[in-house]
Amino acid sequence: MSDARRTALGLLAAFAVAVAAAPLLPRWALFLVAVALGRGLVALGLLLLIRTGLVSFGQGLFFAVGAYAAGTAGSRLHVGDAVALVLLGAVAAAAVAGVLGLLLARYRTIFFAMLSLAFSMIAYGLLVESPALGSTDGFNVHPATVAGVPFAGRAEAYAPYLLALAVAAAAALALDRFQRTHLGRLAPAVRENELRVEYMGASVRNVVHLNLVIAAALAGAGGAVTALAVGHIDPEMAYWTTSGEFVFVTIVAGTSSVAAPFAGAILLELLRSYAVQHAPNTWQLVMGATMLGIILALPGGLWSIFTRRRGARP
Amino acid sequence: MSAILETEGLVKRFGAVAAADGISVRVEEGTVVGLIGGNGAGKTTFLNLVTGHLAPTSGTVRFEGRDITGLPSRRITRLGICRSFQIPQVFASLTARENLLVGLGIVAMGRGAFVGSGLGGEPPEEVADRVLDRFHLAAHRDRPAGVLPEGVRKLLDVAMALSVKPRILLLDEPTSGVSADEKFALMDLVLGAIREERVTVLFVEHDMELVRTCTERVLAFHEGRVIADGPPAAVLEAPEVRRLVVGEPGLREGAC
């Protein structure tokens, strides 16, 4: 079986199991997974950037753009359909990245990381200073509908969970496919040797720019999913600690599979809620220690448990 | 015969140093040309100017009569001028096969295909396997390029340049870093593949025996100028070349 088919079947199987498990899960778990998958989408975009050789410390910007676009369209333009709102979030974030990418695509390494962070902090500042968008408080998101059924009553718990699952599975599948195209194959080539990519006839800057836009679209979709699941958005989504957490999830999860960012995000959310519950004053310490343990024991990320056993390359 | 590559008064200055100091060369289609000269003579600068890696201070480069001076290297590559590197430029964590697929994929994209070959061409994966076979690289197919021995990486670098079917192939010291007894085998392999494709070849080489046997024409560089140009026997015997490039007789006897 080819890698592409194995990944596709694995993702579909995980999706089916997760959907079937929905009635068995407590409300808090449904919520936790929905929020985690929203963040996992951002990490999926970061995975693509890391494979291109870039680490962005500003994905919170696109996360927030997606959330605010979906939230604003929901409450002001009365767009109700959740899928349409998620797509809108992705498109809005992609458009912002299309513009910022003109500058970002020229930079690499720490300069790229710092510039991406700078953009996200500018966005944070703008959101805090925008009374129309609720300033520091943000605003509540209008409940959305899935296929005409509103996020209310019994559906309130299941709808965001199923929406997040569907978006996550579709995005992971699409990204995996993209990485197997000629264009997708250029990402690791750019990371390894930009000079040679140019000498084989492709524009490195265009490749970087495109991957920035794709990563931003994923982050925007993640922001929209999170906004619909939580029902509230605020400028913290664009804050640099949020961006830092995305990098954290991506690195801890590992970059060898498109499923890894989601597994990593769910683990981080679980860990966070248990740590907060059992060690309300020292939960950051618990988190930090756990993450340190993972990094020391599995330098290739959590997902390397699977790839190592199969003997595959990271 | 028509000139496929023509440079006119190519000058490249780095501050007070002229790395290329008025290079005017016409290369006919289908010829194999050797570039010789000591370190810093301007051979690699010449390749960098032709491929667009460096913009000349003055002068022009024409490919099939078209002015390509100042075009970025990716555009020049797509026109059909490819090069290999003195230090192999491969994608270290990608396998040998994936290394080839990068360039072949770019060609396929040029034909509008995002997967497969486009326009009914041969699938890039099959081309890659054939190229690996031809360059005796099949055994290294699925190994990351970064762990391959230097000589094998060198071969892979040349294979990458040749795989995209260039009209002109520029090889920068294809045999440096390759052991003496493997040099001729490597050049046989490279030139054999090149003859099948009817490519015009310019290659930088320090091994005069190789230059004598493998080329039809030699350009001798010294201090950014071409000091001799002609058939290998004549150029290698020219007194100025012997003094400035090859070294006095006796010095290099038995070197290869």
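Across the stretch B:131-140, not a single residue is classified as open to solvent by less than 20 Å² (accessible area, probe 1.4 Å) and out of contact with any helix residue (DSSP H, G or I) (no Cβ under 7 Å at 6 or more places or on another chain). Within the stretch A:133-165, the set of residues being assigned to a loop (DSSP other than H, G, I, E, B), of a type outside the set (D, E, K, R) and surrounded by fewer than 19 Cβ atoms within 10 Å (Cβ to Cβ) comprises A:134, A:143, A:147, A:148, A:152, A:153. The single condition among (1) touching a helix residue (DSSP H, G or I) at 6+ places or on another chain (Cβ under 6 Å); (2) assigned to a loop (DSSP other than H, G, I, E, B) that residue B:12 does not satisfy is (2). From the list A:168, A:174, the lone residue that is closer than 21 Å to residue A:47 by Cα, at pLDDT 95 or above and either away from chain B (no Cβ under 14 Å) or not in a helix (DSSP H, G or I) (or both) is A:168. Among the residues of the stretch A:61-68, none qualifies, meaning not one is open to solvent by 10 Å² or more (accessible area, probe 1.4 Å) and part of a loop (DSSP other than H, G, I, E, B). Screening residue B:147 on (1) open to solvent by 10 Å² or more (accessible area, probe 1.4 Å); (2) within 14 Å of chain A (Cβ to nearest Cβ); (3) modelled with pLDDT under 90 shows it passes everything except condition (3).
The residues listed here are A:104, A:88, A:100; of these, the one that is open to solvent by 60 Å² or more (accessible area, probe 1.4 Å) and not acidic (Asp, Glu) is A:88. Evaluate the following for residue B:25: is it in contact with a Leu (Cβ under 6 Å, 6 or more places away or on another chain), assigned to a strand (DSSP E or B) and either in contact (Cβ under 8 Å) with a residue 60 or more places away in the chain or surrounded by fewer than 17 Cβ atoms within 10 Å (Cβ to Cβ) (or both)? So residue B:25 fails the test. Within the stretch B:215-231, the set of residues being buried (at least 20 other Cβ atoms within 10 Å of the Cβ) and in contact (Cβ under 8 Å) with a residue 24 or more places away in the chain comprises B:215, B:218, B:219, B:220, B:221, B:222, B:224, B:226. If you go through the stretch B:196-206 one residue at a time, do you hit one that is in contact with a Phe, Trp or Tyr (Cβ under 7 Å, 6 or more places away or on another chain), open to solvent by less than 50 Å² (accessible area, probe 1.4 Å) and either modelled with pLDDT under 90 or within 14 Å of chain A (Cβ to nearest Cβ) (or both)? No: zero hits.
Table: residues versus (1) at positive phi; (2) within 11 Å of another protein chain (Cβ to nearest Cβ); (3) at pLDDT 90 or above.
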position: B:70; (1), (2), (3): yes, no, no
position: B:76; (1), (2), (3): no, yes, yes
position: B:81; (1), (2), (3): no, yes, yes
position: B:88; (1), (2), (3): no, yes, yes
position: B:95; (1), (2), (3): no, yes, yes
position: B:111; (1), (2), (3): no, yes, no
position: B:127; (1), (2), (3): no, no, yes
position: B:135; (1), (2), (3): no, no, no
position: B:143; (1), (2), (3): no, yes, yes
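The values are calculated or read from the model by the stated rules, or taken from the named source; none is laboratory data. Nothing here was measured: the structure is a model prediction, and the numbers come from that model. We place every Cβ from the backbone using ideal geometry, glycine too, and count neighbours over all the protein chains shown. Ligands, DNA and RNA are stripped out before the accessible areas are found, and what is left, the full protein with its side chains, is counted by its heavy atoms. Shrake-Rupley method; radii C 1.70, N 1.55, O 1.52, S 1.80 Å.
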